[in-house]
1. Going through the range B:1-44 one residue at a time, which ones are assigned to a loop (DSSP other than H, G, I, E, B) and in contact with a strand residue (DSSP E or B) (Cβ under 8 Å, 6 or more places away or on another chain)?
2. Can you pull out the residues in the range B:164-181 that are in contact with a helix residue (DSSP H, G or I) (Cβ under 8 Å, 6 or more places away or on another chain) and either more than 19 Å from B:Leu68 (Cα to Cα) or buried (at least 21 other Cβ atoms within 10 Å of the Cβ) (or both)?
3. Would you check which residues across the range B:292-305 are within 7 Å of chain A (Cβ to nearest Cβ) and open to solvent by 10 Å² or more (accessible area, probe 1.4 Å) and list them?
4. Answer yes or no as to whether B:Ile233 is aliphatic (A, V, I, L, M) and within 14 Å of chain A (Cβ to nearest Cβ).
5. Give the residue that is nearest to the other protein chains (Cβ to nearest Cβ), with candidates limited to residues of the range A:1-22 that are open to solvent by 30 Å² or more (accessible area, probe 1.4 Å) and touching a residue at least 24 places away in the same chain (Cβ under 8 Å).
6. Can you find even one residue in the range B:152-162 that is on the phi < 0 side of the Ramachandran plot and open to solvent by 50 Å² or more (accessible area, probe 1.4 Å)?
7. Here's a check for you: in the range B:183-196, which residue that is open to solvent by less than 30 Å² (accessible area, probe 1.4 Å) and part of a helix (DSSP H, G or I) is nearest to B:Phe147 (Cα to Cα)?
8. Select, from A:Gly54, A:Gly49, the only residue that is under 22 Å from B:Leu234 (Cβ atoms), free of Cβ contacts under 8 Å to residues at least 60 places away in the same chain and not acidic (Asp, Glu).
Amino acid sequence: MRTPRETYELMALIMLSWVFLLAFFLGMKALLYMTEGVPFRVIIRGIGGVILLGLWLFSFFVLRNVYARLKGIPIPILPFFSHTRRDRRRA
Amino acid sequence: MLAFLITYISTLGLEELLKKKGLTVPDVHKRGRPMVPMPGGPAIMLGLIVLLFGSYLFVRDVRIIGMLILTLSGFLIGFYDDLKRLGGRQKVLLLLIPGLLLVVSGLYNPRPILPFIGSTRLTIIYPILLIIASTIMANGVNMIDVFNGLVSSAMAIATLPLLVAFWIKGDMTMFLLALGYITVLAAFYLRHRYPSKIFPGDSGSIAIGLAYMGLIVEGSVEVLGIVALLPMILNGFFIISTLGGFIEHEDIKERPTKVLEEGFIVANRSPGAPLTLTRLLVWGGPLQERAIVYNIIILFALSALLSTVTFFIGEII
């Protein structure tokens with residue numbers, strides 16, 4: 001059964017996602033360590049956790065866009081970086 | 001074993017019944033688009049009910065009831081969708097219900113074990129995550145139900161790291177449930193594999209997805225489950241981010257792939273086509289359906305391996 005090159009590329013994407021996920025947990029561990037004994041640590045940890053989770057989810061966008069660009073696959077990119085919004089701001 | 005037999009026999013019976021009732025759909029990835037009976041979900045659900053009830057009678061573990069609540073409620077929503085066809089957004093919102101029911105029942109443990117961190121206490125955030133996870137799991141698994149035999153084989157492979165974890169932790173109840181889950185999938189796979197004699201439908205894929213969620217939540221192996229399902233998560237993310245939201249299969253204007261005369265599948269090069277794992281796999285050249293399934297299974301196998309590694313990282317550190 002044929003295994004195209006894209007399978008290996010997707011395997012690399014999956015491994016990178018996994019590494020980022022482990023980085024998220026390491027980040028959470030660091031956050032827990034740094035906020036030990038700090039007042040309002042539950043709130044700080046909650047906010048920090050959400051930020052770290054957001055970063056992990058954002059990494060999916062980055063992986064998607066970098067991979068699509070390398071492969072030459074046309075997809076809509078983040079609206080934040082869209083030309084349309086930049087043009088509207090300029091106008 | 002009983003769950004395997006019940007699932008297999010009821011799948012055979014359901015195939016005949018669905019054909020008689022004219023409940024068939026075209027197999028769009030084949031030349032001639034042959035009609036295939038759908039949904040096979042009731043047979044899968046019957047196997048899962050036999051598994052869960054049977055197990056509960058022996059071990060009386062309330063976690064099994066939690067799994068049942070999650071799976072059955074999701075199956076009923078999926079079955080309604082199979083018959084009446086819900087919109088994409090409606091389905092996403094309705095599939096919050098299984099998670100909500102699990103939270104209301106209180107049959108969960110808000111102390112997940114996280115790699116590098118160990119046991120945590122997330123009494124506020126965990127129930128919220130459960131509700132959101134319910135729709136993500138159900139819809140995510142539904143999104144990978146696109147080829148013959150894929151969802152049943154992929155989810156069986158994704159369960160293997162859970163078996164390892166349950167065995168090493170000594171959680172024999174969850175080990176046997178996970179094994180039983182694999183046997184139900186295996187029984188259905190015998191009719192779902194290429195060329196499919198029956199499709200699971202939304203009821204089937206949602207039941208499969210939420211039963212898996214039940215295993216990882218009740219077995220406290222949430223992170224292992226997430227890692228094992230990374231291909232599904234990536235696929236779901238690609239689709240939602242390129243379509244700009246939750247859209248039902250039938251409402252997607254541009255298909256991600258096209259089927260050639262000879263049965264080969266090629267990527268749709270149009271910028272409006274959604275990004276999917278399949279479209280990425282065939283971007284470099286056409287593949288037949290079986291080869292696509294084989295390559296996606298390789299991705300799930302890698303994720304299962306990474307999930308096992310994650311478990312051992314958690315044990316060591």
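1. B:Leu23, B:Asp27, B:Val28, B:His29, B:Lys30, B:Arg31, B:Arg33, B:Pro34, B:Met38
2. Within the range B:164-181, B:Val164, B:Ala165, B:Phe166, B:Trp167, B:Ile168, B:Met174, B:Leu177, B:Ala178, B:Gly180, B:Tyr181 qualify.
3. B:Tyr294, B:Ile298, B:Leu302
4. Yes; evaluated as a whole, the condition is true for this residue.
5. Of everything passing the filter in the range A:1-22, A:Glu9 is nearest to the other protein chains (Cβ to nearest Cβ).
6. yes
7. This residue is B:His192.
8. Working: A:Gly49 fails: under 22 Å from B:Leu234 (Cβ atoms).
A:Gly54 is the lone residue from the list that is under 22 Å from B:Leu234 (Cβ atoms), free of Cβ contacts under 8 Å to residues at least 60 places away in the same chain and not acidic (Asp, Glu).
The values are calculated or read from the model by the stated rules, or taken from the named source; none is laboratory data. Since the structure is predicted, the reported quantities are computational estimates derived from the model, not experimental observations. As a convention, Cβ positions derive from the backbone with ideal geometry for all residues, glycine included, and neighbour counts pool all protein chains shown. In case anyone asks, the SASA skips ligands and DNA or RNA and just uses the protein heavy atoms, side chains included. Shrake-Rupley method; radii C 1.70, N 1.55, O 1.52, S 1.80 Å.
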